[in-house]
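Heads up: the structure comes next, in structure tokens.
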Amino acid sequence: MFTGLVSAVGRIVGVRQIPGGGLDLEVAAPFRGLALGESVAVDGACLTVARKCRGGFAVRIVATSLARTEFGRRRVGDSVNLERALRAGDRLGGHLVQGHVDGVARVTRVQTVGDAMVVDLAVPLSVARISVPLGSITVAGVSLSVNAIPRAGVVQVALIPTTRAKTTLGRIRRGDRVHVEGDVIGRYLAGLLAQRRRGSAKS
């Protein structure tokens with residue numbers, strides 16, 4: 001479990017294709033004391049430390065994860081948002097983030113409004129269904145509030161200066177593709193309502 005509060009921006013230093021469709025990704029990161037098997041959110045995706053490297057760590061991304069993320073497009077030199085897993089007793093400054101990426105969103109508009117960067121995202125249907133104004137959404141591993149729903153299938157977020165300075169979102173541009181995860185509470189509610197509707201249809 002994570003909070004969506006990025007603790008570091010890492011850099012991809014190694015990409016290796018694995019027979020069978022997987023991918024080994026090596027990431028330079030400033031973390032100390034990483035353990036094998038530890039969970040780290042990389043651009044919002046919960047991944048397991050498979051190998052410790054000098055100045056970073058390596059993860060294995062299986063084919064099913066590649067199918068719903070952008071990791072297959074990543075190259076050496078790309079920057080990624082990083083967050084270590086939440087510990088019992090830690091402050092929950094963002095919102096509950098599972099690290100289960102729902103899919104990829106496309107940036108359709110970026111504009112400056114006062115001191116904020118306002119970004120419109122065309123999101124997967126599964127995320128659109130559970131997104132509400134002032135609700136939570138995770139974008140590239142960053143906990144954000146939904147600023148508005150400009151139109152069906154589009155979620156708008158506002159990036160404050162601190163978020164732009166401390167994460168990769170400060171360089172976001174129209175046409176970029178980013179990982180998104182819908183609010184976990186909305187996800188469970190949607191699932192429960194769907195089960196109830198199925199039960200009603202059978203009775």
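Every read-out reported here was derived from the displayed coordinates using simple, explicitly stated rules and does not represent laboratory data. What you see is a predicted model, and the numbers here were worked out from it, not measured in a lab. Here Cβ is always computed from backbone atoms with ideal geometry, including for glycine, and neighbour counts include all displayed protein chains.
For this structure, a couple of remarks:
- Loop trypsin sites (Lys or Arg not before Pro), the range 12-83 (other Cβ atoms within 10 Å of the site Cβ: 15 or fewer; DSSP): ARG32, ARG54, ARG68, ARG75
- Between GLY33, GLY21, GLY141, the Gaussian network model of the chain with springs among Cα atoms under 10 angstrom shows the greatest mean-square fluctuation at GLY33.
- Highest-first packing order for the peptide set 3-12, 82-91 is 3-12, 82-91, based on the mean count of other beta carbon atoms within 10 Å.
- Placing R0 at 25 angstrom, the Cβ-Cβ distance between ALA116 and ARG174 gives a FRET efficiency of 0.90 after rounding to 0.05.
- Site pair VAL15 and GLN98 shows an inter-label distance of 2.8 nm when each label is modelled 7 Å from Cα along Cα→Cβ.
- Report summary: the helix-based calculation at 222 nm, which adds -39500 (n - 2.57) for every DSSP H run with n ≥ 4 and divides by the residues of the chain, gives -4500 deg cm²/dmol.
- In this rough spin-label picture, where each label sits 7 Å from Cα along the Cβ direction, the ARG51-LEU34 distance is 1.2 nm.
- Rg(Cα) / (2.2 N^0.38 Å) computed for the range 103-191, rounded to two decimals: 0.99
- With a cut-off of 14 Å between beta carbons, the residues surrounding HIS95 carry a summed charge of -2, where Lys and Arg count +1 and Asp and Glu -1.
- Computed with the Debye formula from one identical point scatterer per Cα of the chain, without solvent, the log10 of I(q)/I(0) at q = 0.10, 0.19 Å⁻¹ comes to -0.43, -1.38.
- In terms of the mean number of neighbouring beta-carbon atoms within 10 Å, the peptides 157-166, 177-186 order highest first as 177-186, 157-166.
- Nitroxide proxy distance, nm - points 7 Å out along Cα→Cβ at TYR188 and LEU134: 2.2 nm
- Mean Cβ count within 10 Å, highest first, over the residues of peptides 113-122, 187-196: 113-122, 187-196
- Sorted largest first, the principal axis extents computed over the alpha-carbon atoms of the range 6-100 equal 41, 29, 22 Å.
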